[in-house]
Amino acid sequence: MLLFLLFFSGVYALLQILVRRRTARSRLLHVKERKLDIRVAGWLSQFRRVYGHLHLLLEASHAKLGLGWFIVLTVMMLLLGIACGALFFQTVKGIVVLASMLGGLPYVWLRIHLISLRLRNRMEFLPAVEVLYQFYQVSGGKNVKQALQVCLEENRIVYPIKPVFEQLHRRLLTSRDMDESMRLFVISHGHIWAEYLSGMLRVALTEGTDITDNLKDLIQDMRRAQRTDQAERNRLLEIRIANFTPLAFLALFIFINVKMNSSNAYLYYVLDPEGRNLILDALMLIFASFLMGIYLSMKRM
């Protein structure tokens, strides 16, 4: 009995040591492999193009939602669309259309949010490049990374465009992939001037070439294009307003019909299959107009 108690006490003490070591390791190393979002992101990493595209969009839009939870939200919305289509429309067309619309809403929201950030940063891009040019010129055209750091430390590049340049600077300091960093910078701005600047920065960082004259020419070209840029901003605003017009007319049309005769409106819009199909077609066209508006906004930038 004494030997058994000694053996049991030794095994129990050994198990306690192993449990404490595992708990300490989990706390110190932040082992999170079992979390749902990490698993989903790891599965999606097999599809490199989709994974890279969504990762860059989320990072460019400064979204608080991680890639894993973004995919989980998309799948949940897809399942909700399937359930709503089967419950309300009870047709294959209704299931496919609602599943596509609700499943695509997270990506559409991400694109709309990114376009809003681009519009907000558009007018501040030229002053930011001018400040960067001044500090780069003072440094003798030797180190563009240091010039960018001084601009940010002295708050010469101001909000709302400052987070984009801070993001680029952090990536350069941590030796992240140069092409991916510049691509993220271009996606965050979404216009040709950002592409020109990213090309100049890439040459200066990789080859050590003096880009003072190139920055000066870029600033002069952007100043000449300011009037045209304001016209493009007005067109983008018109496109965004036009996107919400069909939805407003549909809501107004249904409201008038319900107000005039609620019983007939319920009979036609809810119970009658043809009425439900009419609403489905209207929602499908409105969603298509949203997608077209997003596409035109991206092309206008």
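All of the numbers you see were taken from the coordinates with simple rules; none came from a lab. The structure displayed is predicted, hence computed values, not measured ones. Cβ placement follows ideal geometry from the backbone for every residue including glycine, while neighbour counts extend to all protein chains displayed.
Run the numbers for residue 149 and residue 79: contour at 0.36 nm per residue of separation, minus the present Cα-Cα distance, in nm.
Taking residue 149 through residue 79 to full extension adds about 20.6 nm, to one decimal.
Quick check on my link table: of 64/142; 145/216; 64/162; 142/162; 64/93, which ones sit more than 27 Å apart, alpha carbon to alpha carbon?
Going by Cα-Cα distance, 64/142; 64/93 fall outside the 27 Å limit.
Tell me, what are the semi-axes, in whole angstrom and largest first, of the equivalent ellipsoid of region 31-143 as set by the roots of 5 times the Cα gyration tensor eigenvalues?
40, 20, 10
In nm, what is the difference between 0.36 nm times the number of residues separating residue 216 and residue 142 and their Cα-Cα distance?
Length gained, residue 216 through residue 142: 25.1 nm.
Extending each Cα 7 Å along its Cβ direction at residue 113 and residue 266, get the distance between those two points in nm, one decimal.
According to this spin-label approximation, the distance is 3.9 nm.
Rounded to the nearest Å, what's the spacing between the alpha carbon centres of region 146-216 and region 48-98? Just the number, please.
Spelled out, the Cα-based centre of one part sits 32 Å from the other.
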